[in-house]
Amino acid sequence: MIQLIELTVNGERHDLAIEPRRTLVDVLRHDLGLTGTHVGCEHGICGACTVLVDGAPARACLLFAAQVEGAEIRTVESLAEPDGTLNDLQRCFSEHHGLQCGFCTPGMLMLAEGYLAEEPEATKEEIREVVASNLCRCTGYQTIVEAIDDCASRRRAAFQDQLDRSTA
Amino acid sequence: MAEPPQRSPHLRRDGAWVGASVPRREDPRLLAGRGRFVDDIVLPGMLHAQFVRSTEAHAEILSVDLSEVRAVPGVVAAYSAADLNLRGVTALLDRPPHEFVPTAMPVLAHDRARYVGEPVAIVVARDPYAVEDGVEAAIVEYAPLQPVVSDTAALAEGAPLVHAEAPRNTLVDVSLFATEGIDAIFDEAHTVVEVHTKTGRQNALPLETRGVVADWDDRDEQLRVQTCSQVPHQVRTVLARCVGLDEKQVRVIVPDMGGGFGQKCVVGREEIAAAAAALRLRRPVKWIEDRRDALTAAFLAREQRYAVRAAFSAEGEILALDADVVCDMGAYSCYPFTAGIEPLMASAEMPGVYKIPAYRVRGRAVTTNKAPTAPYRGVSRPQYVMVVERVFEKAARALGLDAVELRRRNVITVFPYKGVNDITYDPGSYLESLDLCEQTLRDEGWFSRRSDENRVIGIGFSCFSERTGYGSGAFAQRRMEVVPGFDISEIRMDLNGTVSVTTGTLSHGQSHETTMAQIVADRLGIPYDRVKIVQGDTDRITYGWGSFASRSITIGGSAVAAASVKLGDQLREIAAHLLEADVDSAELDGAGGVRVGDRSLSFAEIADVAYLKAHLLPKGVGPGLSATASFDVGGDGTFSNATHGVVVELDPGTGGIEILRYVCVEDCGVAIHPQVVEGQARGGIAQGIAGALFEQVTYDDAGQPLAPSFMEYKVPTAAEIPDVRIEHLETPCAFTESGAKGAGEGGTIGAPAAVLNAVNDALRHTGVELDDTPVPREAIFRALEKA
Ligand code: FES
Ligand code: FES
């Protein structure tokens with residue numbers, strides 16, 4: 001059986017004819033060619049497949065594509081500028097050596113993006129708890145937590161700066 | 001173009017780039033989701049493969065019926081062993097039959113299934129969903145045999161045989177050392193301590209599972225195999241042999257790889273079978289291992305049993321070490337290392353950092369009905385270091401001495417040191433690292449917190465070294481049929497004065513695209529972003545041994561350095577000629593050119609002549625700018641070392657273990673990129689902690705795997721892995737080109753010992769000692785309950 005669905009990914013609309021059992025991660029990777037989102041377990045534990053669904057981190061391996069029709073999906077490909085310039089979070093990962101093989105990285109980035117958007121005031125300990133929902137086999141996690149924490153404080157500082165300027 | 005960075009004050013370095021934590025060349029693509037991992041590769045008309053796998057741990061295969069499979073919509077082909085008729089994979093040691101029994105690993109099992117998950121047939125379909133349906137339609141008839149599921153069962157009198165040719169299920173039985181008179185030493189010693197340890201079976205667990213895309217290319221007349229492997233040339237050799245092609249008819253390419261840790265440094269039968277199917281069908285075939293298979297049917301490691309005795313004098317001098325090591329290697333010998341990999345590593349290296357005058361060891365590899373094993377980060381060293389460090393803790397208790405002080409009295413301090421194991425140790429900082437690690441924990445106040453009556457706190461250490469950069473000579477001592485060791489690099493400068501350099505090593509997280517570029521940049525005096533590292537392609541690389549055993553920077557890094565120096569000489573020769581000067585007066589100017597006195601030529605100007613105005617070249621110098629060099633570590637290789645110090649707190653209510661503090665003092669010689677070295681240490685430590693406290697591959701009595709998903713196989717997260725304070729010491733290696741020693745495995749090696757010692761220190765008031773890993777929480781709970 002084939003189903004017609006409409007999916008919005010990184011602001012772009014796609015019409016797809018897919019089997020109902022097709023997962024979101026398969027659609028992203030194989031139908032839309034967005035291979036930045038990775039698959040590490042297909043049973044919802046590793047978080048390599050983490051994307052944002054209406055702004056909230058979600059495991060794309062646990063969702064059927066048909067379930068998220070009408071939602072805004074964001075993947076790692078949306079973070080950098082079209083010319084390749086990395087965003088602040090990506091730069092923090094690089095500066096802190098928060099990635100080695102890079103396989104968990106897209107999932108970690110999307111997890112962090114979703115979380116920081118929700119909790120911009122997060123403490124390092126809270127960030128560590130959130131990072132604990134994804135697996136990384138290379139880094140030992142410390143530098144991932146540090147990268148996200150650094151990005152969060154830089155964003156807060158920038159925001160404060162903006163406030164100061166507008167009230168000055 | 002990148003600017004040379006600020007020097008980090010605490011580390012020496014030999015140029016502008018080596019020693020600096022520059023931005024990684026790998027990062028932009030990986031962060032943007034633009035890496036190319038094997039599952040990202042899509043070829044026109046590509047088919048998808050999966051395997052029918054044995055459901056029995058040990059059985060005769062009576063029949064394999066794939067007719068229903070072929071009828072499943074979308075299925076294109078299904079092959080059993082009989083259909084493909086491939087040569088098996090046999091790894092050999094050059095040892096007599098009483099020491100080593102060769103066993104073949106068939107690409108697909110035919111008459112006998114030896115573990116649950118063993119591939120029996122390959123199914124190829126138009127999409128990954130259809131292939132799953134196809135696999136389910138296979139009918140395999142088994143006549144079950146009694147499975148052998150532990151080392152003790154394997155060695156038991158009358159045990160069923162996993163391989164008929166291997167009596168007592170023993171594949172390797174080697175006694176490498178036996179100091180004369182050792183029994184008398186034990187008889188007369190003041191104190192003798194014993195350690196009996198069993199370590200759990202572990203999965204190296206790269207987050208990216210194994211996978212391959214294979215296709216026959218008519219234009220190149222080549223079977224092109226894109227596979228996540230740490231050893232592309234070895235895959236080429238085995239694949240060519242199995243399917244009956246010439247080496248040049250096979251091209252193995254390694255895309256970005258999501259970790260390996262050793263699991264991908266042996267040749268996998270699935271990659272051979274998928275390539276054979278592609279060859280047969282003349283269509284691209286992709287196989288991506290699913291997590292269940294990765295947890296149950298991929299190469300595993302680390303299941304070992306030690307019975308060790310050590311003799312000490314009253315003054316705390318170690319006099320002798322006597323060890324019996326049994327490694328449960330599972331169903332097959334891996335290629336190229338064989339089932340000898342773990343017992344031979346343990347046997348050769350166990351005396352480690354200590355001055356041990358007498359040593360006897362027997363190392364055995366037994367075969368069981370479990371998934372086979374491969375080298376895994378550290379290979380046996382996490383285990384034997386743990387055992388030896390337990391020896392020191394126990395001896396300290398028996399002698400009434402402080403355990404760190406006891407180590408101090410016994411570590412090697414004068415180098416080079418010729419060990420009882422016939423190894424010459426090059427200089428290291430064994431004592432210094434021990435002192436600094438202890439001092440650091442003392443300064444941080446952990447020793448006073450340890451005496452808090454209301455808390456159950458323990459402190460543990462491990463002091464160890466790790467041979468890195470095994471050259472051909474060192475590997476030859478293992479007597480493998482194929483002897484890894486050297487590396488070859490070719491360097492080429494293009495018209496713009498930028499260079500590309502090949503390496504036979506294979507970075508998959510270790511950052512060689514950056515670190516090797518730093519080494520080259522310093523040799524030529526150009527920014528590191530004008531150096532491109534080429535790796536992982538058997539058509540572009542002359543020959544390579546890939547990346548394992550912390551060999552890449554020591555050996556591969558030395559080869560790229562040597563090739564760079566040669567190219568530099570070529571540039572100087574041409575420049576001197578063009579400037580009508582003597583070649584000895586020409587020198588690289590450190591800014592992308594050659595200087596003679598106050599005149600200079602840029603590399604681009606020299607390249608312009610070398611390629612576009614060859615008639616201007618000096619006599620005897622051919623056109624083009626390229627050089628080739630190879631490097632091998634002579635002698636016994638170089639030893640990195642470290643001391644780890646760990647503070648744990650035990651929870652009497654649950655038996656839980658929390659790591660309060662982790663300090664690592666490491667010495668890997670000249671650190672090319674300190675941040676990368678620290679990353680390797682932290683990641684390694686996380687894997688060591690995983691083995692000590694969390695992960696274990698378990699089976700029931702029938703040999704059925706009990707941990708087929710991440711629900712059962714507990715991989716530690718950021719909640720369990722602590723931050724690690726790292727301090728660097730630097731004892732440069734005298735014979736690698738950059739003074740570097742290997743840094744890939746040390747973290748993993750030191751962690752289990754330090755963690756286990758800390759747990760036992762916390763239990764000191766209970767009288768209970770725990771020596772097995774992963775440490776059972778119930779045992780802690782019971783010990784604390786009684787106390
Ligand atoms: S692939 Fe989705 S959680 Fe692992
Ligand atoms: S960087 Fe390799 S899994 Fe996280």
Next item on the list: Report, in whole Å, the centroid distance computed from the Cα atoms of segment B:145-211 and segment B:33-109.
Entry: 29 Å
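Determine the relative contact order of segment B:388-532: mean sequence separation of Cα pairs under 8 Å and six or more apart, normalised by residue count, in whole percent.
Values: 114 pairs, mean separation 16.3, N = 145.
Reported as a whole number, the value is 11 percent.
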Checklist line | Sequence ranges B:439-450, A:122-133, ranked by mean other-Cβ count within 10 angstrom, highest first | finding: A:122-133, B:439-450
Margin query: Let me confirm one metric for peptide B:123-132, namely the mean number of other chain beta-carbon atoms within 10 Å of its residues' beta-carbons.
Written below: 1
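Could you rank the peptides B:745-753, B:177-185 by their average count of other C-beta atoms within 10 Å per residue, with the highest value first?
Working: B:745-753: 31.0, B:177-185: 14.3.
Highest to lowest by the protection proxy: B:745-753, B:177-185.
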Notebook entry, point to check: What does the average come to when, for each residue of peptide B:712-725, you count the partner chain Cβ atoms lying within 10 Å of its Cβ?
Noted result: 5
Notebook entry, point to check: Want the number for B:Glu453 to B:Ala591: 0.36 nm per residue separation, take away the alpha-carbon distance, what's left?
Noted result: 43.4 nm
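Test of the criteria: in segment B:508-613, which trypsin sites (Lys or Arg not before Pro) are in a DSSP loop and have at most 11 other Cβ atoms within 10 angstrom of their Cβ? Walk me through the numbers before you get to the answer.
Numbers: sites: B:Arg523, B:Arg530, B:Lys532, B:Arg540, B:Arg551, B:Lys566, B:Arg572, B:Arg595, B:Arg599, B:Lys613; in loops: B:Arg540, B:Arg551, B:Lys613.
Sparse-neighbourhood loop trypsin sites (Lys or Arg not before Pro): B:Lys613.
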Next item on the list: Determine which residues of segment B:483-516 fall in the zone a paramagnetic label at B:Arg29 would reach in this model, i.e. backbone nitrogen under 16 Å from the point 7 Å along Cα→Cβ.
Entry: B:500-503, B:506-516
Next item on the list: Return a whole-number percent for the relative contact order of chain B, with Cα pairs under 8 Å and 6 or more residues apart as the contact set.
Entry: 16 percent
Margin query: If a paramagnetic tag sat 7 Å from the Cα of A:Ser153 along the Cα-Cβ line, which residues of segment A:75-106 would have the backbone N under 16 Å from that point?
Written below: A:89, A:92-93, A:95-97
Next item on the list: Could you pull out every residue, at least 5 positions away or on a different chain, whose amide H is within less than 5 Å of the one on B:Thr90? Hs are placed 1.01 Å off N in the peptide plane, and Pro or chain starts have none.
Entry: B:Met105
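Could you list B:Asp40, B:Asp487 so that the one with the fewest beta carbons within 10 Å of its beta carbon is first and the one with the most is last? Could you put the intermediate results ahead of the total?
Numbers: B:Asp40 19, B:Asp487 32.
Exposure proxy ranking, most exposed first: B:Asp40, B:Asp487.
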Margin query: I need the GluC sites (Glu not before Pro) found in segment B:265-364, filtered to DSSP loop residues with at most 11 other beta carbons within 10 Å of theirs.
Written below: B:Glu315
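If you filter segment B:576-668 for GluC sites (Glu not before Pro), then keep DSSP loop positions with at most 16 other Cβ within 10 Å, what is left? Present the calculation step by step, with values, prior to reporting the outcome.
Working: sites: B:Glu580, B:Glu587, B:Glu605, B:Glu649, B:Glu658, B:Glu666; in loops: B:Glu580.
Hits after loop and neighbour filter: B:Glu580.
Please arrange B:His644, B:His765, B:His728, B:His512 by counting, for each residue, the other beta carbons lying within 10 Å of its beta carbon, fewest first. Write down the numbers at each step before the final one.
Working: B:His644 33, B:His765 11, B:His728 20, B:His512 27.
Listing B:His644, B:His765, B:His728, B:His512 from fewest to most nearby Cβ atoms yields B:His765, B:His728, B:His512, B:His644.
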Check: Roughly speaking, what is the centre-to-centre gap between segment B:385-464 and segment A:127-164 when only Cα atoms are used, to the nearest Å?
Finding: 35 Å
Check: How far, in nm, would the chain grow between B:His190 and B:Ser602 when pulled straight, counting 0.36 nm per residue and subtracting the alpha carbon separation?
Finding: 141.2 nm
Checklist line | Computed label-point distance, nm, for sites B:Ser67 and B:Thr698 using a 7 Å Cα→Cβ extension | finding: 4.3 nm
Notebook entry, point to check: Where both residues lie in segment B:160-288, what percent of DSSP beta bridges are antiparallel, nearest 5?
Noted result: 70 percent
Margin query: Using the basic label-point model (7 angstrom from Cα toward the beta carbon), what is the B:Thr55 to B:Glu785 distance in nanometres?
Written below: 3.9 nm
Next item on the list: Evaluate the distance, in nm, between pseudo-label points positioned 7 Å from the Cα of B:Ser175 and of B:His98 along their respective Cα→Cβ axes.
Entry: 0.9 nm
Margin query: Show me, for segment B:516-526, the HN-Hα J-couplings you get by feeding each phi into the Karplus relation (A = 6.51, B = -1.76, C = 1.60, θ = phi - 60°), rounded to Hz, glycine and proline as x.
Written below: 5, 5, 4, 4, 5, 4, 5, 5, 9, x, 10
Checklist line | Average beta carbon contacts from partner chains per residue of A:66-77, 10 Å cutoff | finding: 1
Next item on the list: Among B:Leu571, B:Leu281, rank each residue by its count of other Cβ atoms within 10 Å, from fewest to most, as a rough exposure measure.
Entry: B:Leu281, B:Leu571
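Too long at a 32 Å Cα-Cα cut-off: which of B:Lys532/B:Lys613; A:Lys124/B:Lys714; A:Lys124/B:Lys198? Don't skip to the end; give the middle numbers.
Numbers: B:Lys532/B:Lys613 25 Å; A:Lys124/B:Lys714 24 Å; A:Lys124/B:Lys198 38 Å.
Distance filter (> 32 Å) returns A:Lys124/B:Lys198.
All of the numbers you see were taken from the coordinates with simple rules; none came from a lab. In this text, all values refer to a predicted model and were calculated from it rather than measured experimentally. Neighbour counts are summed over all protein chains in view; Cβ atoms, including those assigned to glycine, are modelled from backbone coordinates with ideal geometry.
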